[in-house]
Amino acid sequence: MAEMKELLRLLGELDDQLVSCMRCGMCQAVCPIYGQTGREGDVARGKIALLEGLAHEMVKDPEGVQDKVTRCLLCGSCAANCPSGVKALDIFIKARVILTGYLGLSSVKKAIFRGMLVKPKLFNNLLGLASMFQGLFTSPVNNVIGSSCSRFLEPVLGDRHLMLLAKTPLHKEVPSLDTPAGKSGLKVAFFPGCMADKIFPRVGHAVLKVLAHHGVGVFLPENQACCGIPALSSGDRQSYEKLVKANLEIFAKGKFDALVTPCATCTSTMKKIWPMMAEGMSPSDQEAIRELSAKVVDVNAFVVDRLGLTPPAPKAGGVSVTVHDPCHLKKSLGVSVQPRTILRMNPAYNVVEMNASDACCGCGGSFTLQHAEISAKIGQQKRDNIVGSHAQVVATGCPACMMQISDMLSRSGDQIAVRHPMEIYAESL
């Protein structure tokens, strides 16, 4: 009964938000999926039209509605370019929760989200075990990028070029920290995110190096949980709320001025989606979310805006680096200047702009598995723009984008390194 009441409440919220869409079609011009398929049902306007009759359609053809709603990268391009201010991202997330609540979660996703992801210690141990044996099933293919391929996993992952799990994740090398504020007078909580912890720990180390250099104290608690977006994007609100509550409890133990993360998706989730999905949770959890979300900031933005950096003049003949703007960083949070400032802090690098730097790379989390062909086509466009810039390095502030871009560059045999802006700045310190 409680679950049905919650579904009805969400349906009511959805109805209130849907009426603001004027069907102008501005979303067509920016939707990466529509750009590949040309199908009205793949663009925000088409999905919103479908969702207006969601209660009826759930009874008539729930699987069909779910399929159409999940054909979305959740990149937020439509919302960022909507003249009516339609919060399409909010609408599609709530629709997924409603549909999953009605249809139920698949057994595979139950095992992943409810059996592993909501249990950080177990999740870390399982991935640690996997990292020990992954070399038996993979082969290196691109030394510059660090990618590998796997014939054994091809039935599940296709012909992807993979970034493997780190031999030693960040949480093993730096289990916890609680250092006082130094010359900056500031202290931050550090949320690396799953990918910076388990696949790109070098990014986490770069962030810690930069913060230490500027005299910023760090509170890094043990057993951090996932930010929850993988579960929520699959409509699993139960697992999502468990993950949010776990992180609220952990970070309540520290005192800090800001919570920084090097992952655009984690930042956007904690800053925007946590408050948006807080209704229905307990009043104490809602208040804790409001307080913590207000402190969440992208690490590039924190270092540039709060520490007041001024880039030195670049050296002639430096390494050329181009920038991919993650959707969740630029379109959701308005952060695009700061990563470029961070890159210019290393005078050995020269920033060159690619065409359509803020175009989606086609990742979208599980979208790359569910709609591999569309994802690869969108990713190929990003790869072409990177190569067209003639840069030696591409930098981006999202580890998920780093994965997708590494895959696309590696498949084409390109020798272009993929880095996080904080890595490049840390090199100069």
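The values are calculated or read from the model by the stated rules, or taken from the named source; none is laboratory data. This is a predicted model, so every value here is computed, not measured. When we count neighbours, we look across all protein chains shown, and the Cβ atoms used for this are built from the backbone with ideal geometry, even at glycine.
Computed quantities for the displayed model
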quantity: Test result for Ser332, touching a Gly at 6+ places or on another chain (Cβ under 7 Å), over 23 Å from Tyr349 (Cα atoms) and either crowded, with 20+ Cβ neighbours inside 10 Å or hydroxyl-bearing (Ser, Thr, Tyr) (or both); calculated: yes
quantity: Test: residue in segment 335-349 that is outside the structural domain of Ala88 (by TED's automatic domain parsing), without any contact (Cβ under 8 Å) to a residue 12 or more places away in the chain and not in a helix (DSSP H, G or I); calculated: no
quantity: Odd one out for Glu373, checked against (1) in a helix (DSSP H, G or I); (2) farther than 30 Å from Lys295 by Cα; (3) touching a residue at least 24 places away in the same chain (Cβ under 8 Å); (4) more than 15 Å from the chain's Cα centre (by Cα); calculated: (3)
quantity: Single condition Ser131 does not satisfy, out of (1) in contact with a helix residue (DSSP H, G or I) (Cβ under 6 Å, 6 or more places away or on another chain); (2) not in a loop (DSSP other than H, G, I, E, B); calculated: (1)
quantity: Options Gly235, Gly204; residue that is surrounded by 16 or more Cβ atoms within 10 Å (Cβ to Cβ), assigned by TED's automatic domain parsing to the domain that holds Met276 and in contact with an Asp or Glu (Cβ under 7 Å, 6 or more places away or on another chain); calculated: Gly204
quantity: In segment 24-42, residue surrounded by the fewest Cβ atoms within 10 Å (Cβ to Cβ) [restricted to those that are without any contact (Cβ under 8 Å) to a residue 24 or more places away in the chain and more than 24 Å from the chain's Cα centre (by Cα)]; calculated: Gly38
quantity: Among residues of segment 149-206, those that are within 20 Å of Pro262 (Cα to Cα) and of a type in the set (Asp, Glu), counted; calculated: 3
quantity: Residues (farther than 21 Å from Thr310 by Cα and among the β-branched types (Val, Ile, Thr)) located in segment 407-429; calculated: Ile416, Val418
quantity: Selected residue (only one of Glu279, Glu291 is closer than 20 Å to Arg237 by Cβ, assigned by TED's automatic domain parsing to the domain that holds Gly193 and surrounded by fewer than 16 Cβ atoms within 10 Å (Cβ to Cβ)); calculated: Glu279
quantity: Output for segment 109-129, where each listed residue is more than 17 Å from Ser366 (Cα to Cα) and of a type in the set (Phe, Trp, Tyr); calculated: Phe123
